[in-house]
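To start, the structure itself, in structure tokens.
The values are calculated or read from the model by the stated rules, or taken from the named source; none is laboratory data. Quick caveat: nothing in here was measured; it's all calculated off a predicted structure. FYI the Cβ positions are ideal-geometry reconstructions off the backbone, even for glycines, and counts take in every protein chain you see. When the accessible area is computed, the model is the full protein with side chains, heavy atoms only, and any ligands, DNA or RNA have been set aside. Shrake-Rupley method; radii C 1.70, N 1.55, O 1.52, S 1.80 Å.
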Amino acid sequence: MATTTTLPAADYNHNDHHDHGHKETFITKYVFTQDHKMIAKQFLITGIIMAFIALFLSILFRLQLAWPEKDFPILEVFLGKWAEGGRIKPEFFLALVTIHGTIMVFFVLTAGLSGTFSNLLIPLQIGARDMAAPFMNMLSYWFFFVACVVMLASFFVESGPASAGWTIYPPLSALPTAISGSGTGMTLWLISIGIFIASQVMGGINYISTILNMRTKGMSLWRMPLTIWALLFTAILGLLSFPVLVSAVVLLFFDRSMGTSFYLSDIIVQGQILAHEGGSPILFEHLFWFLGHPEVYIVILPSFGIVSEVISINSRKPIFGYHAMVYSLLGISVLSFLVWGHHMFVTGMSPFLGGVFMITTLIIAVPSAVKVFNYIATIWRGNIRFTPAMVFSIGMVSFFISGGITGLFVGNAAIDIQVHDTYFIVAHFHLVMGSAAIFGMLAGVYHWYPKMFGRMMNNRLGYLHFWITFVGAYFVFIPMHFMGIDGVPRRYYAFTSFEFMEKWLSVNVFITWSAIIAGLAQVAFAWNFFHSMKHGKLATQNPWGANTLEWTTPIERIHGNWPGELPTVHRWPYDYSKPGHSEDFIPQTVPYSETMSSNLPHDFEGNPEAEKIQREWEAQQLVVDEESK
Amino acid sequence: MRLKGFIHIKGVFGLVFGLLFLFHSPSFAQTDTAAVNADTEQVATTDSSAVDSATATDTSVAATDSEVSATSAPASASTTAVAAEEEAGIPAQVYVNFFYYVLLFVLVCFIVTILGQVLSVYELTQGLRKKLPVNNWHSHQAWFFLVGLIVFLYGIYWSYAHHGTQSFREAATEHGARIDTLFIITTIITTIVLVLTHIALFGFAFKYRGSDKRKAYYYPHNNALEKIWTITPAVVLTILVLFGFFTWRGITNIPEEQQKEALQIEITAEQFAWNIRYGGRDNTVGKRNFKLTTPVNGLGIDFTDNSALDDIRAGDIVLPVGKPVHFTINSKDVLHSFYIPEFRVQINAVPGMPTFFYIVPKYTTEEMREKVGDPDYNFILLCSKICGSGHYNMQKKVIVVTDAEYKEWLSQQTYYFDDTMQKEFKELSQPKQANLVIDGNKMVSNN
Ligand code: HEM
Ligand SMILES: [Cu+2]
Ligand SMILES: [Cu+2]
């Protein structure tokens, strides 16, 4: 495998070439670092740890669902009074569901995913030495870290963690008398999310300004890899929607501790008449979902970007319809602000408004469909290399299809009457968002691991991880659709109180076993990830034969990314298997003058001078050919 | 090789012991004096001494060692002993069992590692023997995708055939039938899309697995193709949207007149129960005001409103078949959701804002029992919005009967404004008028 680079021959051995003389300490290098690559790793590792915690919580509540009548004495050992006699209590069950959802959505799939890959890829793929504001970047990580700590701390308060669901709808979340988790636990939840949003905003501003201002020479917007496009839209979505969640959270805070009535009205809890009047819980739902829906796209867009890149590289083919991919990202981003009401069809919101939201919701399915078709077209007639990243990407597309088509059910207000707040919804979003986004993230980890750690992960463990997780996720979520159609509501502590749910008890056991096995398979990943840092095979300069700029940086990962000058970009990132070229990839740094045999008229659009040179060369080539005959 | 294997073993054991140590620490259980002891044998004892109340019985439990915690209740009848016993009640066997599970998992890891090593060795020797260049296409994965495709398609079929038939029941209301039509059309369309795209995705993955002999086809875009697959979904979706929109409006946009003529029933949700109120002779549910709530008047019904006087209290929701019903849904505390799956009815119960649903039941409970072939079958009202610890068990029977049966049933129900309620109403309104003259005047003038 060739490791093409057109960098000026710099001396790679002088790592601290860019260190401006001073020596880095452990603290500045690994803890309060301002190097975007190290911050990316911090985000990733924190995200992975949080993912394991959230996964563990989900196994706990799955145990309860599968064997509602059985005691697990071991649970009492580490849950204490919340699992007295080895049986999880109903309130703690809700706390588990709530914290599982919160951690997964915000800390793993938002910070862990876009935090990691924005930090890692933006400077590397656009040819910048670091982020626009490295210090703020560092703050962004540490705010995120503190948010994680505060959220986990809520497990150690007397009244337990927040337990009103990850959507924390008031009045339940506002009244400690209605559920104990709405006491100190909910306060911590709100504080944690407040800090988290600050982290997101600092990160977002940084990502956007870096992408817009710090692209290297030749890196026009239309030459950016799709990862960067996706991360750009993600950051914009976050910046526009997270502040709305702040307002929702702050008003809830007021209602809880200062006696205001933004969300509360006409309430009698435990025989006590509360003074609140005039508020509306629906207001909270509007504010929450104005963030909440863009949030689900904040989660999936980076995965789209990663998967576009990985599929293209490993099919050895340009991504099909690059422009369409960008426009569909744009379309999804814009539309995602206009559909939040589809979470509220049956909340008592004006039914006419529901009808309008239904129309906008189904429109958003069009750009989503375009993306899927383009992925499939990219694979078509490719020359597919099944790296672990590639198999995860194919898995991601499969999940996105399976989960996306159920969007047509829930997006249809009339059908949603039947399936809202049932297991059907759980199945829908775990496939389309949960599984698809996680697979995108894993694809990214397997793909850019050599860039992060200079070593390769073990392929075979990767495949094992993929197949068990892929099958496991389908085994877990496909049956849930049918429970939902049957009318089993979500967030039920046990299925034992209703006769019609009894037929699902055995299915629940099956689901829980699938979840446990898929969960254990993640150990293969954790092992692979941490063990390969020290013991993996050494990475080569460009292990996947990719075109993008990050593979022109030295393997040693120096501060400032490139020794010497920044690379210049001459072409788009998807010249894979271009006819006429001897290799099946042409890095972005290779000028057209070096690839005369493979240039196409299309490459010179708007540059008659270059076109003329090309034509002259081709004419000359003909003569040479003639002569050699 | 051997050294590497050794590192593996060390690492795995380190992980296991680390995990065990973590679980031994009772910190998760927030006991005040968390005593951590790494020794498995003694953990049970330590745990009991970690109980915050340092009573005499407590110490005795700790002293008598793990025996006490292993065997069940000592015959002592003192309440403190019972309490302490409860806290200390984790038998040592629990730890042993858990340890075995961990060991089992480690064993599985070992087997996987060994299999992996065997595979590597095999591959290496194969490579040496055939002098194959080490290729990096990993095309064996393509075969897995082919198998995956077949399993996936069969799995879809199996799910529809088994889980599908046991989950889908015909709707028992008139609007529900329309939702069902929409549901079935959407299912057909999406199933076709699901199958075709997966055949393409996994099929192409298999067919175009890499090899050194080929080069991929440079095919960056095709505008015609892209237009086709933008417009096709757009058209299909437009049809679904229009169909859905009119169905939705048909369900939710009932003319005022028609709503008034329907049987009026008010449902008020609270943690964790449903209260049912029928409009009575005047078919009008009287006003309620949450400030009037008392232990007797749980709904806060305003009996100064005449239409409240004949409101009927019911234990179950009983409906006459074929007659329109207009539900008004309230909540006393947090959000709940009024959900009757077979009726295709779902609407949230929101404190401070009544919500509505209009239905016409199509089948009586008896007819439905015959349809599903289950003589004990019942329609049931569930709560589908998370509302607290009892969320999973907030049910009410819904019974659909013939008109005659309905009238018969109704005549047996009692009024909300019964003797106790009347007494309380008088008591509450009198002292107010006596003590607070201004207030009393206001009340009078309000009337
Ligand atoms: C094909 C386009 C999609 C449509 C039409 C669609 C539609 C909907 C609708 C209407 C709901 C609300 C259902 C209900 O609560 O009754 C919903 C829920 C949800 N969707 Fe989608 N969706 C689509 C794609 C996505 C994508 C791409 C994601 C994430 C990446 C996503 C994530 C979610 C989540 C997280 C929820 C549930 C939130 C909750 O209640 O906890 N959806 N979707
Ligand atoms: Cu949404
Ligand atoms: Cu509920």
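A few remarks follow.
- Sequence of A:H293, A:H581 when ordered by accessible area, the most exposed leading, probe 1.4 angstrom: A:H581, A:H293
- Whether the stretch B:257-419 is rounded, prolate or oblate, judged on the alpha carbon gyration tensor where a/c under 1.5 counts as rounded: oblate
- Rolling a 1.4 Å probe over the heavy atoms of the protein chains gives the stretch B:137-252 an accessible area of 50 Å² per residue.
- Bridges between two residues of the protein assembly as shown, per DSSP, are antiparallel at a rate of about 70%.
- Relative contact order of chain A, taken over Cα pairs closer than 8 Å and 6 or more residues apart, is 17 percent.
- Residues losing 50 Å² or more accessible surface upon assembly, the stretch B:214-228, compared with the chain by itself, 1.4 Å: B:K215, B:A216, B:Y217, B:Y218, B:Y219, B:P220, B:E226
- Taking the C-alpha atoms only, the angle from helix A:459-486 to the longest principal axis of chain A is near 40 degrees.
- Gyration tensor verdict on the protein assembly as shown (Cα atoms; rounded if a/c is under 1.5, prolate if a/b is larger than b/c, oblate otherwise): prolate
- Within chain A, the longest run free of GluC sites (Glu not before Pro) that sit in a DSSP loop with at most 13 other Cβ atoms within 10 Å is A:278-555.
- The distance between label points at A:L520 and B:K397 comes to 4.5 nm (points 7 Å beyond Cα on the Cα→Cβ vector).
- Accessible surface of the stretch A:341-454, 1.4 Å probe, proportion on carbon and sulfur as whole %: 80
- Accessible area per residue for the stretch A:491-567, computed on protein heavy atoms with a 1.4 Å probe, is 36 Å².
- On Cα atoms only, tilt of A:608-628 relative to the major axis of chain A in degrees: 60
- Look at the stretch A:502-513: the mean tally of other chain Cβ atoms within 10 Å of its residues' Cβ atoms is 1.
- Inter-part distance, the stretch A:221-266 to the stretch A:99-130, computed on C-alpha centroids, equals 17 Å.
- Based on alpha-carbon atoms, the Kirkwood radius and the radius of gyration of chain A give Rg/Rh equal to 1.00.
- Surface composition of the stretch B:217-370: carbon and sulfur make up 59 percent of the accessible area, probe 1.4 Å.
- Interface burial for B against A (accessible surface, 1.4 Å probe, total of both chains, Å², rounded to 100): 11500
- For the stretch A:194-339, the solvent-accessible area with a 1.4 angstrom probe is 29 square angstrom per residue.
- Per atom type, the stretch A:150-255 shows carbon and sulfur on 74% of its accessible surface, probed at 1.4 Å.
- Under 17 Å of direct C-alpha separation, and excluding same-chain neighbours fewer than eight residues apart, A:K70 reaches these aspartates and glutamates: A:E84, A:E502.
- Dividing the Cα radius of gyration of the stretch B:137-252 by its Kirkwood radius returns 1.12 for Rg/Rh.
- Of the trypsin sites (Lys or Arg not before Pro) found in the stretch A:21-110, those in coil by DSSP whose Cβ has at most 10 other Cβ atoms within 10 Å are A:K23, A:K70.
- Per-residue shielding of B:103-111, expressed as the average number of other chain Cβ atoms within 10 Å of the residue Cβ, stands at 1.
- Contact with the other protein chains removes 10 Å² or more of accessible area, compared with the isolated chain and a 1.4 Å probe, from these residues of the stretch B:329-350: B:K332, B:D333, B:V334, B:L335, B:Y339, B:P341, B:R344, B:Q346, B:I347, B:N348, B:V350.
- Rounded, prolate or oblate (a/c below 1.5 giving rounded, otherwise prolate when a/b exceeds b/c) for the stretch A:567-628 by Cα gyration tensor: oblate
- Which listed pairs, of B:K396/B:K426; A:K371/A:K451; B:K323/B:K396; A:K41/A:K217; B:K287/B:K362, have C-alpha distances above 22 Å, in listed order: B:K396/B:K426; A:K371/A:K451; A:K41/A:K217; B:K287/B:K362
- Hz values of 3J(HN,Hα) by residue in the stretch A:448-454 - Karplus curve (6.51, -1.76, 1.60), Gly and Pro given as x: 9, 3, x, 6, 7, 10, x
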